[in-house]
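Data block below; observations after.
The values are calculated or read from the model by the stated rules, or taken from the named source; none is laboratory data. Computed from a predicted model, the values in this text were never measured in an experiment. Heads up, the Cβs are rebuilt from the backbone with ideal geometry, glycines too, and the neighbour counts pull from every protein chain shown.
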Amino acid sequence: VVVTGASSGLGLAVAEAMAREGARLAIVARREAPLRAAAERLRSAGAAEVFALPADLDDDGQRRTAWRTAVAALGPPAAVVVNTGNPVGGFVVDPDHAAYADGWVKMRQVMDLDRLAAEAMAGGGAVVNVLSRTAVEPDPDLLVSSWVRAGLLAYAKAVSLRWAARGVRVLSVLPGLTRTAAVDAGLAARAATAGASLDAQAAAEGRAVPLGRLGDMASFGRLVAFLASPACDYVTGSAVRFDGGAVRSV
Ligand SMILES: NC(=O)c1ccc[n+]([C@@H]2O[C@H](COP(=O)([O-])OP(=O)(O)OC[C@H]3O[C@@H](n4cnc5c(N)ncnc54)[C@H](OP(=O)(O)O)[C@@H]3O)[C@@H](O)[C@H]2O)c1
């Protein structure tokens, strides 16, 4: 299994769930020290083997080198989980703004990794793209994310129709607000403004979610590990929401 953006947050949670199943893993992120620490954690969690490949996946050359290294180490992957860094936030409407160039780089990164994964899978496998609830619930304050994720959602569905004949499943996962270190930093800032503790702030924001709480990383990891596994072998082209029921459309 290859997991990108796997040194922290949602990517690491997915890799941990895979490690507990005894997977052989290749994990990628830019910063070497957190990546090596993540690899140690995955070995302790039960991974059969972990290859830590530092690379900036926004960069075409580094991305393709990391991919070749991963496939050389693991052999044809059974599953590839594509998770990028955050697109730039805010209500940015100027298409010449750097946020859009960065958004396109991220969109390209996902499309390229999906294609490389589908080509490398021998006898089938699963490609799971980590997107966002913004793919189906456009948010003016996350405008670039909404554009990138909606495009990737359509892309994943379209390619799933062609790649199904080769046994390659393509899935999208759409998280709502899920507590990672990055999300907790935002919660902490809002807690400070409100004069509340981090836990009180998380509980308050969680009450706006139908299930009454924010997302939990470990739960996200289990979902993606299941979707990517042969236990889920009749599901392709679907988008699975991980949002406690927050997105209101069907
Ligand atoms: N958490 C949420 O509530 C939530 C909700 C909806 C959508 N999402 C989306 O899910 C994704 C992950 O979110 P997260 O909260 O888990 O973020 P995170 O904790 O910041 O983790 C991002 C991971 O990706 C790596 N990364 C970032 N840019 C990279 C690059 N150019 N090349 C290679 N690796 C890179 C980071 O390591 P390095 O910095 O060392 O590279 C890190 O391992 C994001 O796209 C986010 O927008 C998250």
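Assorted remarks:
- Within segment 133-152, residues that are outside any helix (DSSP H, G or I) reach partners that are buried (at least 23 other Cβ atoms within 10 Å of the Cβ) with beta carbons closer than 7 Å, at six or more positions or on different chains, in the pairs Leu142/Thr134.
- Condition met for Asp58 (within 12 Å of the ligand (Cβ to nearest atom), of a type in the set (D, E, K, R), within 19 Å of the chain's Cα centre (by Cα) and modelled with pLDDT of 95 or more): yes
- Taking (1) touching a residue at least 12 places away in the same chain (Cβ under 8 Å); (2) in a helix (DSSP H, G or I) in turn, Ser7 satisfies each apart from (2).
- Any hit, segment 194-201, residues being over 18 Å from Gly125 (Cβ atoms) and touching a strand residue (DSSP E or B) at 6+ places or on another chain (Cβ under 8 Å): no
- Residue match in segment 35-51 (condition: closer than 22 Å to Val183 by Cα, in contact with a helix residue (DSSP H, G or I) (Cβ under 7 Å, 6 or more places away or on another chain) and within 8 Å of the ligand (Cβ to nearest atom)): yes
- Residue list for segment 13-33, restricted to those being touching a helix residue (DSSP H, G or I) at 6+ places or on another chain (Cβ under 7 Å), near the ligand (Cβ under 8 Å from one of its atoms) and closer than 14 Å to Leu53 by Cα: Val28, Ala29
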